[in-house]
There are 2 protein chains.
Amino acid sequence: MNFRVHVRVVPRAGLLDPQGQAVEHALSALGFAGAKDVRVGKAIELSVEAASKHEAHAQATAMCDKLLANPVTEDFLVEVEG
Amino acid sequence: MNFRVHVRVVPRAGLLDPQGQAVEHALSALGFAGAKDVRVGKAIELSVEAASKHEAHAQATAMCDKLLANPVTEDFLVEVEG
């Protein structure tokens, strides 16, 4: 079966996120003063061939560990559709 | 109230995504041959001050329209926690 997987990779809490700060300042300048604690990371979508939803999740987690996320500086979250 | 909002911004379907193609080739080289149709975009997390979950969603959508996403080349999805 084919599963659509959504991965979110964001800078680990506590680490400086200059891109997030830049976005926060820009939002504030546009009048969105209520926007705080902005973090900017990567959103990765992919299709995974797997026997079950659980196996698709495990495969995507392995991809994050090996390539998609930097384990020192980033956290990731894997969601499988369906 | 304070809501944590997750925004996903990805290249619009049909548009070329060179970063996604590069990730797909890298995954294939690492042995993840089952990974297809990879799209890479931005994952943005932020806290929004709003009276309700619905208002937080509307504010975040306005932020995407004005700053976070390029309406010509990107699609976005807003999710509000809680």
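In what sequence, largest accessible area first, do B:47, B:52 appear using a 1.4 Å probe?
Values: B:47 10, B:52 45 Å².
Most to least solvent-accessible, the answer reads B:52, B:47.
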Would any residue of the range B:1-20 have its amide N under 16 Å from a label point 7 Å out along Cα→Cβ of residue B:51? List them or say none.
B:1-3
Most fluctuating residue of B:31, B:20, B:41 in a GNM of chain B with Cα springs under 10 Å: which is it?
B:31
Average beta-carbon neighbours from other chains, 10 Å sphere, peptide B:21-33:
3
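Quick one: net charge of residue B:35's neighbours, Cβ under 9 Å, K/R +1, D/E -1? Intermediate results must be reported in sequence, preceding the final value.
Values: positive: B:36; negative: A:49, B:24, B:37.
Net of charged neighbours comes to -2.
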Specify the angular offset, from 0 to 90 degrees and rounded to the nearest 10, of the alpha carbon long axis of helix B:53-63 from the longest principal axis of the alpha carbons in chain B.
60 degrees
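Using only protein heavy atoms and a 1.4 angstrom probe, determine the accessible area buried between B and A, summed over both sides, in Å² to the nearest 100. It would help to have the intermediate numbers written out before the result.
Numbers: alone 5610 and 5610 Å², together 8530 Å².
Looking at B and A, the buried total is near 2700 Å².
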If I fit a long axis through the Cα atoms of helix B:18-29 and take the longest principal axis of the Cα atoms of chain B, what angle between them do I get, 0 to 90°, rounded to 10?
50 degrees
Tell me, what is the percent relative contact order of chain B, built from C-alpha pairs under 8 Å that lie six or more residues apart?
50 percent
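When the accessible area of the protein assembly as shown is computed with all protein chains present and a 1.4 Å probe, what percentage of it is carbon and sulfur?
Numbers: 4940 of 8530 Å².
Answer for the protein assembly as shown: carbon and sulfur cover 58 percent of the accessible area.
Shielding by partners for A:58-70, please: the mean number of other protein chain Cβ atoms within 10 Å of each residue's Cβ. Could you put the intermediate results ahead of the total?
Numbers: counts 0, 4, 2, 0, 3, 8, 0, 0, 5, 7, 5, 0, 0.
The mean count of partner-chain Cβ atoms within 10 Å per residue comes to 3.
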Heavy-atom accessible area of residue B:54 with all protein chains present, probe 1.4 Å, nearest 10 Å²?
150 Å²
Highest GNM mean-square fluctuation among B:16, B:30, B:46, for chain B with Cα springs under 10 Å, belongs to B:30
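So, for the range B:2-80, what is the accessible surface per residue at a probe of 1.4 Å, expressed in square angstrom? Present the calculation step by step, with values, prior to reporting the outcome.
Details: 3940 Å² over 79 residues.
Averaged over the residues of the range B:2-80, the accessible area is 50 Å².
The values are calculated or read from the model by the stated rules, or taken from the named source; none is laboratory data. Being a predicted model, the structure only gives us computed values, none of them experimental. All Cβ positions, glycine included, derive from the backbone under ideal geometry; neighbour counts span all protein chains shown. The accessibility values were calculated without ligands, DNA or RNA, using every heavy atom of the protein model including side chains. Shrake-Rupley method; radii C 1.70, N 1.55, O 1.52, S 1.80 Å.
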